[in-house]
Structure formats: C-alpha cells, structure tokens
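First the structure, which I've put down as structure tokens, then a few questions once you've had a look.
The values are calculated or read from the model by the stated rules, or taken from the named source; none is laboratory data. Note that the coordinates shown come from a computational prediction; the quantities given were computed from them, not determined experimentally. Every residue, glycine among them, receives a Cβ derived from its backbone with ideal geometry; neighbour counts consider all protein chains shown. Just the protein is used for accessible areas: all its heavy atoms, side chains included, with ligands, DNA and RNA removed. Shrake-Rupley method; radii C 1.70, N 1.55, O 1.52, S 1.80 Å.
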Amino acid sequence: MLEIKNLHATVDGKEILRGVDLTIGDGEVHAIMGPNGSGKSTLSYVIAGRDGYAVTEGSITFNGKNLLEMEADERAGEGLFLAFQYPVEIPGVSTMNFLKTSLNAVRKYRGESELDAMDFLKFVRAQTKALGITEDMLKRAVNVGFSGGEKKRNEVLQMAVLRPTLAVLDETDSGLDVDALRIVGEGVTSLRGPDRSMLVITHYQRLLDYIVPDVVHVLAQGRIVRSGDKSLALELEEKGYAEFTSAAA
Amino acid sequence: MTMALSETSQVFLDRYAELRGRLAGADLPWLAKIREDAANTFRVTGVPTPRMEDWKYTNLKALDALELVFAARPAEVRADMLPAKLGDGPRLVFVDGRFRADLSDSLEIGEGIRLASLADLLSADPGFIEPRLADFGDNATGAPMLALNGAFQEDGYVIALDANADAGAAIEILFWDTAGEAAAVRQPRNLIVAAANSRAEIIERHMGAGSSRQFFNGATLITLDAGAAIGHYRVQSQGAGSVHVNTIRTRIEADARYESFILAEGGEVARDEVQVGLMAAGAYARLDGIYLADGAQVLDSTTTTRHAAPNTTCQETYKGALDGTARAVFQGAIRVEPGADGTDAQMSNKTLLLSDDAEIDTKPQLEIYADEVKCAHGATTGELDAEAMFYLRSRGIPEVEARGILVEGFLDEVTEAMDDTPFAHLVRGHVAAWVGRGVKEKEMKG
Ligand SMILES: Nc1ncnc2c1ncn2[C@@H]1O[C@H](COP(=O)(O)OP(=O)(O)OP(=O)(O)O)[C@@H](O)[C@H]1O
Ligand SMILES: [Mg+2]
C-alpha cells in the first residue's frame with residue numbers, strides 16, 4: 001500500500017526528516033510514537049502533500065504510484081486521507097457543504113457519479129450518528145467554534161465519508177475525554193478492513209487499545225529508530241524516550 | 001479664474017446644449033432651470049480628476065477613450081432575451097435607458113403605490129415630481145457627476161409610496177443594455193419617495209448583452225419619511241468596457257430604516273456612491289456591499305453618512321475579492337454633527353487579495369462634532385489562508401474550486417444577514433459565478 005524509502009525533508013531549509021523508511025501493507029495498522037518535535041506531523045504533511053516541505057532525498061510510493069508527483073487533492077482522490085493534529089477553521093463554509101463538495105470531488109476524481117443532495121444527506125446522517133455529531137454541528141462553519149474534541153470527531157467523520165484506503169491519523173486522540181476517545185476509537189476501528197490501511201500517530205497507548213496496531217514505530221529526530229509489536233507502545237509509555245533521544249544525540 | 005475643461009467635459013456640455021430642448025420634461029420651466037443650474041455646476045470642474053480629494057483614487061480618464069453616443073440605439077429586444085424575473089413582484093424594464101412598458105410587468109400593485117417612469121409622471125403629474133427633484137441640491141460643487149446627471153436627467157424609475165403603503169413582494173428594476181461597440185451614454189434619474197410608515201423592497205439590476213458598453217451616470221434620490229422602511233438592493237454587472245457611476249442620495253427621517261446592498265462586479269471603471277443623511281432621532285441606515293474585480297477593473301465604493309440628529313444609527317460592511325491587476329477603492333466618510341449625541345456608527349471594510357498585483361485603497365474619514373458617540377471602524381486586507389487551502393485540497397478539492405470556496409466563505413459574512421430572500425439568492429449566484437469563472441476557463445482550455 002505505502003512504501004517510504006530513505007525520506008529526507010526540509011522545512012525552511014531545516015532538515016526535519018532524515019531518512020525515514022516505512023512500509024505499510026494492505027489492511028495493516030501501524031502506529032508511530034515519538035517525542036515532541038521528532039517529525040511525526042512533518043511526515044504526515046509530506047505524505048499528504050502540503051506546500052513548503054521540500055523532499056531532498058528518497059521516495060514515497062502509494063499503491064504503485066509516485067505520490068510525490070501529485071497535488072494534495074490528487075492524493076486524496078487516490079485514496080489518501082490525513083486527520084489533522086490541528087484541524088483548520090474555515091469561516092463562512094458550512095460543514096455539510098464542505099463534506100459534500102469534498103466527497104463529490106473525490107468521486108469525480110475516481111470516475112464515479114456525484115451524489116445528489118438527498119442521497120448525500122442520508123449517507124452523512126448514517127455516519128454522524130455513530131460519532132455523536134449533531135445536525136447543528138453540520139450546519140456550522142467548518143471547525144469554527146468547535147471544541148477540541150468536536151474538531152477531532154469532525155476529522156473522523158470526514159474520514160468515514162471519504163472512505164480512504166490509507167488514513168494517517170495525527171494525534172486524533174489528543175484533547176478527547178474518555179467517552180469521546182472510545183467513540184473515536186470505535187469509529188476508526190469500524191473503518192478497518194482488508195483494503196484499508198492506517199498510520200496512527202499518538203502519544204498514548206490508550207488509543208491503541210481500540211485500534212490495535214500490527215506494528216509500532218518510534219520516530220526520533222527524523223528517523224524511525226525502533227519498530228516492534230503492540231507491546232512496544234506499553235513499554236514506551238512506561239520508560240519514555242530518553243533512550244532514543246540520548247542515543248541519537 | 002476658470003480651469004480649462006477637458007475635451008470630454010466639453011463634449012458633455014455641447015451635447016447638453018444641443019439636446020436640452022428634447023429631454024424628458026423639457027417644456028417644464030422649473031425642470032429646465034434645474035438642468036441649467038446643474039450644467040453650470042458641472043461646468044465649474046467638469047469630469048472629476050484625481051486632483052479632487054474625493055476622486056483621488058478613481059480616475060475617470062477611461063471616459064476619454066470611449067466613443068460616446070448620446071442617441072438611443074434602435075434596439076430590438078424581446079422579453080425572452082432578458083434575464084428571468086426574480087420573484088412574484090412587479091418588474092420595470094429599461095432597455096438602453098428607455099422605459100419599456102411592453103417588457104415591464106404587473107405595475108399595478110395596490111392602493112397608494114405608484115410605479116412609473118419619470119418621463120411618464122412628468123407629463124401625468126408634474127406637480128408631484130417638482131418638489132422632489134428641486135430638493136436635492138444638484139448644485140453642490142463637490143459632486144460634479146451628480147451635477148452632470150442633473151443636467152441631462154434622463155428617464156428613470158419612480159417608486160412612490162403613500163403613508164402606510166406596503167409594496168409586498170420585491171419590486172424589480174432591470175436596466176438592460178444591448179450590445180454595441182460605441183458607448184451609449186445613459187444618465188437616468190430615479191426617485192424613491194416613501195411616505196410615513198410605508199415599506200418596500202427594491203432590487204435594481206444593471207446588466208447587458210455580452211459585449212454591451214456604456215457610460216452610465218445614474219442618480220437616485222430617496223426620501224424616507226418617519227417610520228418608513230426601504231430595502232434598496234443593487235447588482236451592478238455592466239459590460240466589461242463600461243464606465244459606471246451611480247450616486248444614491250437618501251434622506252432618512254425619524255425611526256425610518258434604509259437598507260442598501262450593492263454588489264459591484266461590472267465595468268472597467270465603476271463608482272457606486274451612497275450618501276445618506278440621518279435627519280431625525282431613530283433614523284437607521286445599513287450600507288452593505290460586495291465588490292468582485294479581476295483583470296484591470298477599478299471598482300470604487302464610496303459612502304457618506306451624515307448623522308444630523310441624536311440617536312441615529314448606521315451600520316456598514318463592505319467586503320470584496322480582487323484578482324488580476326484589479327483595484328478597489330473604499331471611501332467611508334462619517335460625519336457626526338454637533339448635537340447628534342447617541343450616534344452609533346459602525347463601519348467595516350475587508351478585502352481579500354487573490355493576486356500579488358491586486359490592490360485596495362481604503363480611506364475611512366471621520367468627522368465627529370458631538371460628544372456622546374459610539375463610533376467604530378476597521379479595515380483589513382488579507383490573502384487566502386494557506387492552511388485552509390491545504391485543508392480543502394487534502395480533502396480532494398482541486399485548487400480553483402478550493403479558492404472559490406474560501407472566497408465565498410469570506411463574503412458570507414455580508415450575505416448571511418440577508419437570509420433566504422430572492423436577492424440573497426441572486427447575490428450568491430453572482431458570487432458563485434464569479435468564483436467559478438476560473439474553473440470554466442480551465443475546462444474550456446483543457
Ligand atoms: N516552518 C518551520 N520552520 C522551522 N522548523 C519547523 C517548521 N515547522 C516545523 N518545524 C520544526 O520541525 C520539527 C518537527 O515538527 P513536527 O510538528 O513534525 O513534530 P511532531 O513530532 O509532530 O511533534 P508533536 O508531538 O509535538 O506534535 C520541530 O522541531 C518543529 O519546530
Ligand atoms: Mg505533531
């Protein structure tokens with residue numbers, strides 16, 4: 001599904017990613033943990049195609065295609081989705097409209113017909129219920145005035161609507177209360193399937209109780225320094241990252 | 001000492017001298033005098049130049065390049081060539097400046113409401129028109145374009161409401177221009193007369209066939225007596241080569257409400273000016289606008305609010321998006337006269353620049369001579385939010401469409417106040433078409 005090889009990336013001339021290697025197979029869930037500032041969000045942005053990140057070395061292949069040659073919207077059309085660590089507020093644009101425009105754009109890219117208003121409404125209502133998202137939230141401007149937890153739920157709703165083949169979740173669990181964590185965790189888990197892979201960035205192994213990962217990686221100072229099974233998450237939570245930061249320094 | 005008049009200014013005066021005997025109501029001595037006085041006022045300065053403080057940012061020299069035609073074009077226009085009516089209300093249609101009763105619709109809307117062309121009323125009831133036209137001070141030297149309009153004052157619309165009359169569904173006025181290479185000169189004068197506690201909504205559309213071109217210099221004189229409520233909504237979508245100047249002068253009496261909305265997107269150079277006088281306690285004005293410009297367009301929104309009595313309110317929000325090398329001008333003057341305590345004046349102007357070469361000149365001008373005044377004004381200029389752009393694109397939305405969504409979102413603050421009225425739909429339609437123009441070009445190329 002996703003193959004990242006020796007990825008180096010700079011922001012404003014500063015090298016943040018320094019040789020990331022990562023391969024995610026179909027249907028696999030990988031978790032990335034790592035200290036603040038180690039480059040986790042940077043990796044997610046480079047995968048999603050944000051401007052301002054220069055890839056100086058290495059490659060990213062997504063289902064056999066060179067991801068780095070594509071615009072962000074083309075990547076979404078190809079089946080990539082990024083749940084933002086900090087979802088963006090868009091004043092004046094209703095959440096409902098945003099979801100519809102986005103779904104239809106992706107469908108158009110995939111050569112599918114656009115959904116009409118009624119079918120879309122039915123489809124969205126089915127998704128919102130499970131995530132505890134109210135009609136009122138759908139009418140409001142995208143993320144404007146949403147609480148931290150509501151923003152994260154809105155990210156998961158977008159994922160549910162767009163049905164990506166690869167979802168990158170950047171700290172979707174942070175800012176959630178215990179109940180919301182369960183709702184989001186179950187929501188994401190329900191989207192798991194043999195054709196859908198996930199890259200879950202998190203600081204806490206709690207989320208991984210719901211979304212049980214196949215592999216856990218540690219990203220430190222722009223490199224994956226260790227990989228293991230889900231027990232690695234527990235170990236990290238206990239011991240912290242001192243071992244990796246000092247070793248790399 | 002007299003200044004030498006520009007060639008174009010002289011052309012206007014020569015044509016005035018030639019045509020004055022044939023203009024609507026030319027046989028009425030009082031009207032001939034108003035015209036003559038206005039022509040003399042215009043003669044003092046001629047067409048304004050950037051040397052005039054008020055016209056510093058908007059240069060009408062584009063007029064010099066136009067081939068001006070004063071005669072009416074023989075236009076064959078049928079109803080099916082015009083844009084569809086907006087709602088269930090009446091519609092007055094002017095084609096190339098001429099009122100067309102045959103294309104207009106359901107003008108008899110009830111007791112106490114008159115919808116007519118100015119020329120028709122000048123022959124049917126000149127006594128009604130005289131005091132309204134005489135009263136508006138065309139001779140103020142600070143307003144040469146209004147004076148120029150006053151000299152010609154061609155046919156326009158009259159909406160007159162008796163006390164307590166309610167027009168019901170919105171009244172639509174369509175100014176339709178036919179296509180042509182030369183610029184037809186149109187200088188309509190309109191009147192809205194709202195007696196005490198009357199109410200009406202008026203939607204005015206200025207548009208034309210594909211390659212229409214005009215020099216439009218219109219004026220609308222409005223009076224709201226105590227307790228009257230007028231919604232006055234305009235869409236200015238004139239042909240690309242046009243020069244458009246429009247001046248609205250409104251006098252608002254006690255507890256009356258005047259709401260103006262102007263969507264400006266047409267013309268090469270356009271100035272939409274609104275002057276309101278809040279004359280008695282409780283008078284209220286709301287002045288909103290959207291400007292959308294691309295290419296080398298210059299769109300000017302100028303407002304002047306005069307708080308002449310205690311406890312008057314004016315709320316003003318103008319927002320626009322500029323692309324290409326377009327330039328917009330916003331001038332907002334607020335004058336609070338001595339004794340106008342309790343004035344509440346809010347003014348805001350926000351512009352989104354979609355290209356590095358687009359530009360906005362914004363000039364608030366406050367003169368406050370009263371003590372207890374609530375007065376706030378602000379102006380901001382920004383570019384598209386890069387983070388929001390990435391967010392939309394990461395959801396599969398292509399660049400041009402994403403830009404459109406952000407522009408519409410930016411302008412939503414102005415349109416949302418209008419709820420679900422026919423005019424709100426009209427404005428949203430124009431905004432959507434404007435932001436979508438890039439998509440169309442792209443699809444045609446690709
Ligand atoms: N525009 C920039 N210019 C310079 N440095 C930047 C820029 N953007 C990010 N960085 C730096 O890149 C590093 C990696 O940031 P990133 O957001 O990827 O970390 P992270 O692993 O996601 O951290 P966290 O766990 O706090 O979310 C940080 O040191 C950050 O300060
Ligand atoms: Mg991060």
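Across bins of 10 angstrom width beginning at 0, how are the C-alpha pair distances of segment A:148-212 distributed, in whole percent?
Spelled out bin by bin, segment A:148-212 gives 23, 62, 15, 0 percent.
Restricting the count to DSSP beta bridges whose residues both fall in the protein assembly as shown, what percent are antiparallel, rounded to a multiple of 5?
So the antiparallel bridges amount to about 20 percent of the total.
log₁₀ I(q)/I(0) of chain B at q = 0.11 Å⁻¹, via Debye over equal Cα point scatterers, no solvent, to two decimals?
-0.86
With N denoting the number of residues in segment B:60-161, provide Rg(C-alpha) divided by 2.2 N^0.38 Å, to two decimal places.
Ratio of Cα Rg to 2.2 N^0.38 Å: 1.29.
Give me the tail of P(r) for the protein assembly as shown as a percent: Cα-Cα pairs with distance above 52 Å.
Across the protein assembly as shown, Cα pairs with separations above 52 Å total 27 percent.
Let me know the Kirkwood hydrodynamic radius for segment B:385-446, please, with Cα pairs as the basis and the value in Å to one decimal.
12.6 Å
So which GluC sites (Glu not before Pro) in segment B:361-402 pass both tests, a DSSP loop state and at most 16 other Cβ atoms within 10 Å of the Cβ?
Hits after loop and neighbour filter: B:372.
Rounded to the nearest 10 degrees, what's the angle between the helix A:95-109 long axis and the longest principal axis of chain A, both from Cα atoms, 0 to 90?
70 degrees
How well do other chains shield peptide A:98-105, expressed as the mean number of their Cβ atoms within 10 Å of each residue Cβ?
5
For a quick check, take a GNM of chain A with Cα springs below 10 Å and name the residue from A:147, A:197, A:44 with the largest mean-square fluctuation.
Between A:147, A:197, A:44, it is A:147 that shows the largest mean-square fluctuation.
Given the alpha-carbon gyration tensor of segment B:199-250, what are the semi-axes of its equivalent ellipsoid in whole angstrom, ordered largest first, with each equal to the square root of 5 times an eigenvalue?
27, 12, 5
How much of the pair distance distribution for segment A:80-224 lies past 21 Å, counting alpha-carbon pairs only, in percent?
Pairs farther apart than 21 Å: 43 percent.
Tell me, what HN-Hα J-couplings in whole Hz come from the Karplus equation 6.51 cos²θ - 1.76 cosθ + 1.60 at θ = phi - 60° for each residue of segment A:223-228, using x for Gly and Pro?
The phi angles translate into 9, 7, 9, 7, 9, x Hz.
Something else about it: Would you mind working out the magnitude of the charge dipole of the protein assembly as shown relative to its Cα centre, with +1 at each Lys and Arg C-beta and -1 at each Asp and Glu C-beta, to the nearest 20 Debye?
Computed charge dipole of the protein assembly as shown: roughly 660 debye.
Oh, and also: For segment B:104-259, what ratio Rg/Rh do Cα atoms give with a Kirkwood hydrodynamic radius?
0.97
Which translational diffusion coefficient, to the nearest whole µm²/s, is obtained for segment B:148-224 from the Stokes-Einstein equation, given a Kirkwood hydrodynamic radius over C-alpha pairs, 37 °C and 0.692 mPa s?
The calculation lands on 237 µm²/s.
Find the eigenvalues of the gyration tensor of the Cα atoms of segment B:55-104, then list the square roots of 5 times those eigenvalues as equivalent ellipsoid semi-axes, largest first, in whole angstrom.
Ellipsoid half-lengths, sorted descending, are 30, 17, 9 Å.
Another one. Can you give the helix-only mean residue ellipticity at 222 nm for chain A, where every DSSP H stretch with n ≥ 4 adds -39500 (n - 2.57) and the sum goes over all residues, rounded to the nearest 500 deg cm²/dmol?
Value at 222 nm, helices only: -12000 deg cm²/dmol.
In nm, to one decimal, how far is the modelled label at residue B:36 from the one at residue A:203, with both set 7 Å along Cα→Cβ?
8.5 nm
Positive end of the charge dipole of segment A:1-160 (Lys, Arg +1 and Asp, Glu -1 on Cβ, about the Cα centre): tell me which of A:11, A:47, A:90 has its Cα farthest that way.
Working it through, the farthest residue towards the positive pole turns out to be A:90.
Just A:152, A:100, A:14 to compare: in a GNM of chain A, with alpha carbon springs under 10 Å, which one fluctuates most?
Comparing A:152, A:100, A:14 in the GNM, the peak value goes to A:14.
Next question, about the same structure. Rounded to the nearest 10 Å², what accessible area does residue B:304 have for a 1.4 Å probe in the complete protein model?
That residue has around 50 Å² of solvent-accessible surface.
Estimate the FRET efficiency between residue A:51 and residue B:101 by the formula 1/(1 + (r/R0)^6), using the beta-carbon distance for r and 51 Å for R0, to the nearest 0.05.
Taking R0 as 51 Å, the efficiency between residue A:51 and residue B:101 is 0.30.
Once phi is turned into θ = phi - 60°, what whole-Hz ³J(HN,Hα) does the Karplus curve with 6.51, -1.76 and 1.60 give for every residue of segment B:225-230, x standing for Gly and Pro?
Listing the rounded values in order: 6, 3, x, 6, 9, 10 Hz.
Please name which of B:326, B:364, B:345 has its Cα lying farthest along the dipole of segment B:306-433 towards the positive end, using unit charges on Cβ (Lys, Arg +1; Asp, Glu -1) and the Cα centre as origin.
Of the candidates, B:326 comes out farthest on the positive side.
Using a 1.4 angstrom probe with every protein chain in place, what is the largest-first accessible-area order of B:418, A:159?
Descending accessible area places them as B:418, A:159.
Additional query: Over 10 Å intervals from 0, what percent of Cα-Cα pairs in segment B:212-287 sits in each interval?
20, 44, 24, 11, 1
Can you give the average number of partner chain beta-carbon atoms within 10 Å of each beta-carbon in peptide A:88-96, as a whole number?
Per-residue shielding by partner chains comes out at 6.
Put one equal scatterer on each alpha carbon of chain A, apply the Debye formula with no solvent term, and list log10 I(q)/I(0) at q = 0.09, 0.17 1/Å to two decimals.
Values, matching the q order: -0.38, -1.38.
Label points 7 Å out from Cα along the Cβ direction at residue B:20 and residue B:374: separation in nm?
If labels sit at residue B:20 and residue B:374, their model points lie 5.0 nm apart.
Could you check the spin-label model distance between residue B:420 and residue A:214? Points 7 Å from the Cα along Cα→Cβ, value in nm.
In this crude label model, residue B:420 to residue A:214 measures out at 5.0 nm.
With charges only on Cβ, +1 for K and R and -1 for D and E, what is the dipole size of chain B about its Cα centre, in debye, rounded to 20?
That gives chain B a dipole magnitude of about 740 debye.
Let me ask something else about it. In segment B:293-327, whose amide N lies under 15 Å from the spot 7 Å out along Cα-to-Cβ of residue B:44? List them in ranges.
It comes to no residues whatsoever.
Inside 10 Å of the C-beta atoms of A:68-74, what's the mean count of C-beta atoms belonging to other chains?
Rounded to a whole number, the mean comes out at 4.
May I pose another question? Give me the percent relative contact order of chain A, please, defined on Cα pairs under 8 angstrom at least 6 residues apart.
Contact order relative to length: 28 percent.
For segment B:38-105, which GluC sites (Glu not before Pro) pass both filters: DSSP loop (anything but H, G, I, E, B) and at most 15 other C-beta atoms within 10 Å?
Of the GluC sites (Glu not before Pro), the ones in loops of segment B:38-105 whose Cβ has at most 15 other Cβ atoms within 10 Å are B:67, B:76.
Could you tell me which of the pairs A:40/A:230; A:14/A:108; B:33/B:319; B:56/B:85; A:152/A:239; B:350/B:374 are separated by over 30 angstrom between their Cα atoms in the structure shown?
A:14/A:108; B:33/B:319; B:56/B:85
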